[in-house]
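> Got a structure for you, questions after.
The values are calculated or read from the model by the stated rules, or taken from the named source; none is laboratory data. Treat the numbers as computed from the prediction; the structure is a model and nothing was measured. When we count neighbours, we look across all protein chains shown, and the Cβ atoms used for this are built from the backbone with ideal geometry, even at glycine.
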Amino acid sequence: MEGSVRALIQRACRATVRVEEQVVGQIDRGLLILLGISDTDGLSDMEYVAEKCVNLRIFEDNQGKMNRSLLDTGGQALVVSQFTLHADTRKGRRPSFNRAAPPDIAKSMYEQFVQRLRTFGIHTETGVFGAYMQVEIHNTGPVTLMIDSEI
């Protein structure tokens, strides 16, 4: 059974991620991608979400209409691991993260996702997997969308 890779994407004019006050990843115009991997995700889930991220038409054309993709604009990507995207908040007051993939599996899928974006020719920066990070984004529009491989 395949799972559900989740990507919360935000269109940005710039984004930065820091670990211990040091910049570890930074982009100009493009997408901040917060990526969550579940415990049942497969490569087809990761491929689907990566392809959506680079081809989704959410950047304006010359008429101001959202008609251009990350590929069309030559935009960049900043990918940050985000296991909390698989939080279950239905019971109680403390979220459960039982559906999030174990760190070793999640890290491997995260790295494969980043590599897949790069094979599309997207300049891709990253956070540090598993680290406590500070993410700064200048979201334009604002445009924020959830991409989920689960159908």
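> Of all residues in the range 64-108, how many are crowded, with 16+ Cβ neighbours inside 10 Å and aromatic (Phe, Trp, Tyr)?
1
> Now for a separate question. Just checking, does the range 39-56 include any residue being surrounded by fewer than 21 Cβ atoms within 10 Å (Cβ to Cβ), hydrophobic (A, V, I, L, M, F, W, C) and over 20 Å from residue 121 (Cβ atoms)?
Yes, the range 39-56 contains a residue that is surrounded by fewer than 21 Cβ atoms within 10 Å (Cβ to Cβ), hydrophobic (A, V, I, L, M, F, W, C) and over 20 Å from residue 121 (Cβ atoms).
> For residue 104, only one of the following conditions fails: (1) more than 13 Å from the chain's Cα centre (by Cα); (2) touching a residue at least 24 places away in the same chain (Cβ under 8 Å). What is its number?
It is condition (2) that residue 104 fails.
> Taking residue 52 as meeting all but one of (1) more than 17 Å from residue 144 (Cα to Cα); (2) touching a strand residue (DSSP E or B) at 6+ places or on another chain (Cβ under 6 Å); (3) charged (D, E, K, R), write down the number of the exception.
Failing condition for residue 52: (1).
> Every residue in the range 109-136 that is farther than 17 Å from residue 70 by Cα, buried (at least 19 other Cβ atoms within 10 Å of the Cβ) and out of contact with any Gly (no Cβ under 6 Å at 6 or more places or on another chain), please.
Within the range 109-136, 109, 110 qualify.
> For the condition modelled with pLDDT under 95 and either out of contact with any helix residue (DSSP H, G or I) (no Cβ under 9 Å at 6 or more places or on another chain) or on the phi > 0 side of the Ramachandran plot (or both), what is the one hit in 84, 73?
One residue alone meets the criteria, 84.
> A follow-up question, please. Return the residue satisfying two criteria in turn: it lies in the range 4-40 and is outside any strand (DSSP E or B) and in contact with a helix residue (DSSP H, G or I) (Cβ under 6 Å, 6 or more places away or on another chain), and of such residues it is nearest to residue 128 (Cα to Cα).
Looking at the filtered set, the residue picked out is 37.
> Just name the residue that is surrounded by the most Cβ atoms within 10 Å (Cβ to Cβ) out of those in the range 137-151 that are among the hydrophobic types (A, V, I, L, M, F, W, C) and under 18 Å from residue 83 (Cα atoms).
In this case the residue turns out to be 147.
> Which one is nearest to residue 128 (Cα to Cα) among residues in the range 52-73 that are under 17 Å from the mean Cα position of the chain (by Cα) and without any contact (Cβ under 8 Å) to a residue 60 or more places away in the chain?
70
> Taking the range 102-148 only, how many residues are among the aliphatic types (A, V, I, L, M) and either over 18 Å from residue 56 (Cβ atoms) or touching a Lys or Arg at 6+ places or on another chain (Cβ under 7 Å) (or both)?
The total comes to 10.
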